[in-house]
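Colleague: Pasting in a structure now, in structure tokens, and then I'll have a few things to ask.
FYI, it's all coordinate maths here, none of it is from the lab. Source: prediction; values computed, not measured. With ideal geometry, Cβ positions are generated from the backbone for all residues, glycine too; neighbour counts draw on all protein chains shown.
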């Protein structure tokens, strides 16, 4: 009861199934809920482009414009491609669904594995990047990034367990604050240029190139491609809109498409705008500062400090909201996989708050592991990121090509062509990303994705096998004739109230009850047998004494079980009844029931190795809290 | 089966109870088994005296002779005192027994807590000191002391689980090797002096005093007392002989006394001999070297290096054997406490190998924690050590005084006087040790000992309360009239072979069976009810459908249980029958039974909070390993 109340307080009261249809979002809220992953990626993508090029000094940084424009081009291709997916799959065209329906189950599972991997990484990257934005403003926090990231992760997890609508409401403000402040910053920057402020020069400002690049007269193509690959993280999250079509109000496809184009436009403006200004003013960050923080300082030079802090705060907040996108999508994809029998069934269960609680907790746990292992450092996590997203993009687009070719509806050739361009562009980016990032840690993802597919397959085989074993409509019809009364065997350690209770329970369910006393101290059985008779138990159950010269309790007991089953030869295994103590406090439990626990463990182990299964009955005896001088006070009415 | 074989291979086959009497040791083996703790302590006691005095430079080191002689005097007093205990308690006069019988249960428990604490510390100190001896010879090991200590701890633990006799055999060689090599070293040292080798001078050799002492013209008494306290660790383990009287061959007291005097003589010779030679030759160790290692180098100057390595190896080995002493005594004291109801009963159980396996594993685990926390550094562990031993010494000696005064047998005044001197001497040492070591970490022990006593008391109260609740001979006589057939309630998720099996089992034990289907998807109950009727289950059990608009399974089920119990009003709680899957591989288990597990957890929680207890029956269904195209191959004889 206390636990329920606490849960209600933190998570809100449970919602009935009937309200499920109302958990839909209007466009503005849906944009806030589904786009922050994509929007906020400019925070770390800008940073990665800077870190990728700065090793080649001013000559390297000169390439950032080209790279940003290439990525923006890719973004527009993706947007057009996905708008076709949204129209074709109005009930939700996640990469898994599209790839599975058009390219087969295995390809679908690869897409699903890729997406799940990237959702986890998105949480870790967004949270750590948000903490880095905050720590740029408050340098005292820089050394506590891991701890702060974990605290924020817990807050986001609780917010999500509360449910999608509240999450949507909480998320709206930071997303529009972020979009508003960054548009404002870009406007101020452009105004400075228009008012005649001169361009900066990386040649004066940039650090000298590292030893590796200092001797080179031209910037190597490999460096440019590697930086392009790192910058492609800006595009992760674009697919969220097509996964999330069902959360829009009807007509879902139309609303989803409107919202996606708005998102793509905002992404392009923010990404190109901030990058362009960085390059125009030749901004270089301090050692414990992000590039966006440095840009903000430069643009608002001479303005009150509060403006800078508001922008850093909005960056932190939008990254938290970006992490939240995964909390909507991961449980949804996991539940679809669970429904199809590729993930454990409990992930398909809708929790009390209309959200997939199990999926949320799984995601949160895995993201926490990543944050801890990678020391809360965004730059270390980035190489693992984006492979999953681009693999899912490519498979999804390829699936769409196949879809149009198969359907051959109106204008199918054009539609297939659009998705074909999308497939080619994303496949090219995927190749560049994989080739340049595998040595930096992406091999983990390259091994993980096929590993996950194997796990999905194994789970599916298991569930199919179970279904086949359980169905009543194949094979022999089930045996329906009544079972004989089970033979009940209970181990006893002596004769006391708990044992008498257990024997009475046993003889209420069967006439064939045997109590077994394992005699470790030679001669100790005599007193047990005497008390057995004294309390009239011989009428209820047979008492068997098994000597144990090796002082083991478990082995002689199990041997006795085997022997009775062999002698009875009735096709049944005897039921084991275990008298157990339930203590008043959990810590007292360690003082009891060790033997019952060992017997259960042994029988479980034998079940596995021999296929022999037997019913086990726990008959608890409740122990009171305190020693009481008069166990039955009503005998002494005067003592009150 | 495979587990048993592996255990037999590592630990040896189990021994029958009848052999227990033969597990006795002759004097030479008993000395090897019981004295190494005491003998080997010279290894770290010498080191502590050196480290304690060297801060005051040459002037400080000049005091080592005085301190060593004071400790040797204390040793002789202790030896005489304890010989009286051995005579008075031929069945084993551990400090707990003596203090409890003569000074009351609480004092006995304090002594027991003190001893147990010191046994754990002895393991940690001996193992780390042994590793330091080895690392003095092989400096490459110096940085891996923690890891090496843990490896040695595991080896000792396995040796002890094999049993006392084998342990005794293994231990004999190193103890006599140690005694032999050190007596030889002392002889060579004396020979050098006799042959006219001049004394060294600390004034030339010793490091300059630290800043704190450089300005002082005399060595402060506090420093001398603190060093004395650290040196008193040499005496830990003397009580082992009186605890271990029962392992001697009869007449036990006589043999134990002979062996103890041999031990005290050897301790005095080794301790005074090595310390005297260290001072005569003014030996100063290198920075990653023990004082005994430096002394060995000095004495065998010009001898082949192999002699040095043999002596370091014998030091390592005897310290391993010293750790082993605790492995005999800790489980013994723990089992006595468990037998008296002050520790969990399972610690009293004699394991398969006639040793107290549970106690051994507990000791090993706690020592491992100490080694890890104190970074495998003997010098950091020492301040915690010896308080327990001297507290137990004092209480035991005081108990003996009381014993003689009460008995008033022949010569009681003299005997009481001897133990009185022992009490005074050990109490004085205890005061010095406590006062000087509390700030250095001994506060942990000072808090731990009364904490343990409180735990012993709480466990005892619990066991007394349980006994009172279980006894058949007090309070109301137990209810012996037959119970009615239990009402059985089973939750079902649908109708399949596993459910049919569970229903058949339920109706074999009771005529009152109710199956409960929790309906989460509205309308899904219809198909369940239709199949229920189709397979003729309505004759075996009632089917009840409970709608769950909040999609929770557990809460509606538990509410249903409460309601039926309330309606039946027969004083019984319904039995819950849980159909469970047993998978072919343990990892498949995660895909099943989550609901059954949650129901059990909820009922357990309710048992605690409400005192309501109900029987729970697990009816397992065994799942085969592989999906099989023909679940019943015997239908298709051709398919083989």
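Colleague: Taking neighbour Cβ counts within 10 Å as the exposure measure, how do B:412, B:587 sort from fewest upward?
Modeller: Details: B:412 14, B:587 9.
Fewest-to-most Cβ neighbours within 10 Å comes out as B:587, B:412.
Colleague: How many nm is it between the label spots at residue A:379 and residue A:147, if each spot is 7 Å from the Cα in line with the beta carbon?
Modeller: Result: 2.3 nm between the two label points.
Colleague: If you take the square roots of the eigenvalues of the alpha-carbon gyration tensor of the range A:232-304 and sort them as a ≥ b ≥ c, do you get rounded (a/c under 1.5), prolate (a/b over b/c) or oblate?
Modeller: Cα axes put the range A:232-304 in the prolate bin.
Colleague: Continuing with this model, one more query. Quickly estimate the mean residue ellipticity at 222 nm for chain A, helices only: each DSSP H run with n ≥ 4 gives -39500 (n - 2.57), and the total goes over all residues, rounded to 500. Each step should come with its number before you reach the end.
Modeller: Numbers: 25 runs with 404 residues, N = 640.
Calculated at 222 nm, the ellipticity per residue is -21000 deg cm²/dmol.
Colleague: With a/c under 1.5 counting as rounded, go ahead and sort the range A:367-494 into rounded, prolate or oblate using the C-alpha gyration tensor (a ≥ b ≥ c being the square roots of the eigenvalues; past the cut-off, prolate if a/b is larger than b/c, else oblate). Don't jump to the answer; show the numbers that get you there.
Modeller: Values: a/c = 5.05, a/b = 1.60, b/c = 3.16.
Judged from the Cα gyration tensor, the range A:367-494 comes out oblate (a/c at least 1.5, b/c at or above a/b).
Colleague: Continuing with this model, one more query. Hey, with R₀ at 35 Å, roughly what FRET efficiency would residue A:361 and residue A:26 work out to, going by the Cβ-Cβ distance, to 0.05? List each step's numbers first, then the result.
Modeller: Details: r = 29 Å, r/R0 = 0.82.
Computed FRET efficiency for residue A:361 and residue A:26 comes out at 0.75.
Colleague: Over the whole of B:503-516, what's the average partner chain Cβ count within 10 Å per residue? Rounded to a whole number, please.
Modeller: Values: counts 2, 6, 5, 2, 2, 9, 11, 2, 0, 0, 0, 0, 0, 0.
Mean shielding by partner chains, rounded to a whole number: 3.
Colleague: Mean projection of the alpha-carbon convex hull of the protein assembly as shown over all orientations, in nm²? Working shown, then result.
Modeller: Working: hull surface 264.5 nm².
Average projection, Cα convex hull of the protein assembly as shown: 66.1 nm².
Colleague: May I ask you to report, in nm to one decimal and beginning with the shortest, the distances from residue B:190 to the same position in the other copies, taking label points 7 Å along Cα-to-Cβ?
Modeller: Computed spacing set for this position: 10.1 nm.
Colleague: Between residue B:66 and residue B:197, what FRET efficiency comes out of the Förster formula 1/(1 + (r/R0)^6) with R0 = 25 Å and r the beta carbon distance, rounded to 0.05?
Modeller: On the way: r = 24 Å, r/R0 = 0.95.
Result of the calculation: an efficiency of 0.60.
Colleague: Separate question: Across all directions of projection, what mean area in square nanometres is found for the Cα convex hull of the range B:24-463? If you can, show how the numbers build up before the last one.
Modeller: Details: hull surface 83.3 nm².
One quarter of the hull surface, i.e. the mean projection, equals 20.8 nm².
Colleague: When DSSP beta bridges are limited to those with both residues in the protein assembly as shown, what percentage is antiparallel, rounded to the nearest 5? Walk me through the numbers before you get to the answer.
Modeller: Numbers: 3 of 45 bridges.
Roughly 5 percent of the beta bridges in the protein assembly as shown run antiparallel, per DSSP.
Colleague: If you split all Cα-Cα distances of the range A:399-460 into 10 Å bins from zero, what percentages do you get per bin, shortest first?
Modeller: 20, 27, 30, 21, 2
Colleague: Moving to a separate point now. What is the extension gain from residue B:428 to residue B:586, computed as 0.36 nm multiplied by their sequence separation minus the C-alpha to C-alpha distance, in nm to one decimal? All intermediate terms of the calculation are to be shown ahead of the outcome.
Modeller: Values: separation 158, 0.36 × 158 = 56.88 nm, distance 5.98 nm.
Difference between extended and current length: 50.9 nm.
Colleague: Starting from a label point 7 Å past Cα on the Cβ side, list the distances from residue B:369 to the same position in the other copies, nm, shortest first.
Modeller: Its label point is 2.7 nm from the equivalent points in the other copies.
Colleague: Any chance you could give the angle, 0 to 90 degrees and rounded to 10, that helix A:2-11 forms with the longest Cα principal axis of chain A?
Modeller: With rounding to tens, the tilt is 10 degrees.
Colleague: Could you rank the peptides B:147-154, A:560-567, A:80-87 by their average count of other C-beta atoms within 10 Å per residue, with the highest value first?
Modeller: Details: B:147-154: 18.2, A:560-567: 14.8, A:80-87: 22.2.
By packing density, highest mean first, the sequence is A:80-87, B:147-154, A:560-567.
Colleague: If you don't mind, there's one more thing I want to ask. With each pseudo-label sitting 7 Å past Cα toward Cβ, what's the residue A:444-residue B:519 distance in nm, one decimal?
Modeller: Distance between the two pseudo-spin positions: 4.9 nm.
Colleague: Angle between the Cα long axis of helix B:497-509 and the longest principal axis of chain B, 0 to 90 degrees, nearest 10?
Modeller: 90 degrees
Colleague: Next question, about the same structure. With axes computed from alpha carbons, what is the tilt in degrees of helix B:252-280 against the longest principal axis of chain B, rounded to the nearest 10 within 0 to 90?
Modeller: Value to nearest ten degrees: 60.
Colleague: Shape verdict for the range B:112-253, please, from the Cα gyration tensor: rounded (a/c under 1.5), prolate (a/b greater than b/c) or oblate. Display every interim value, and only then the final one.
Modeller: Details: a/c = 1.70, a/b = 1.57, b/c = 1.08.
Note, shape of the range B:112-253 comes out prolate.
Colleague: Kindly rank B:478-486, A:308-316, A:434-442 from highest to lowest mean number of other beta carbons found within 10 Å of each residue. Mind showing how you got there, number by number?
Modeller: On the way: B:478-486: 13.8, A:308-316: 20.9, A:434-442: 16.8.
By packing density, highest mean first, the sequence is A:308-316, A:434-442, B:478-486.
Colleague: On to the next question. Separation between the residue A:461 and residue A:51 pseudo-spin-labels, each 7 Å from Cα along Cα→Cβ, expressed in nm?
Modeller: 4.1 nm
Colleague: If you put a point 7 Å past Cα along the Cβ direction, how far is that point for residue B:447 from the same point in each other copy, in nm, smallest first?
Modeller: 4.4
Colleague: Please list A:28-36, B:391-399 highest first by mean number of surrounding beta-carbon atoms within 10 Å per residue. Intermediate values should be presented prior to the final figure.
Modeller: Working: A:28-36: 25.0, B:391-399: 27.7.
Highest to lowest by the protection proxy: B:391-399, A:28-36.
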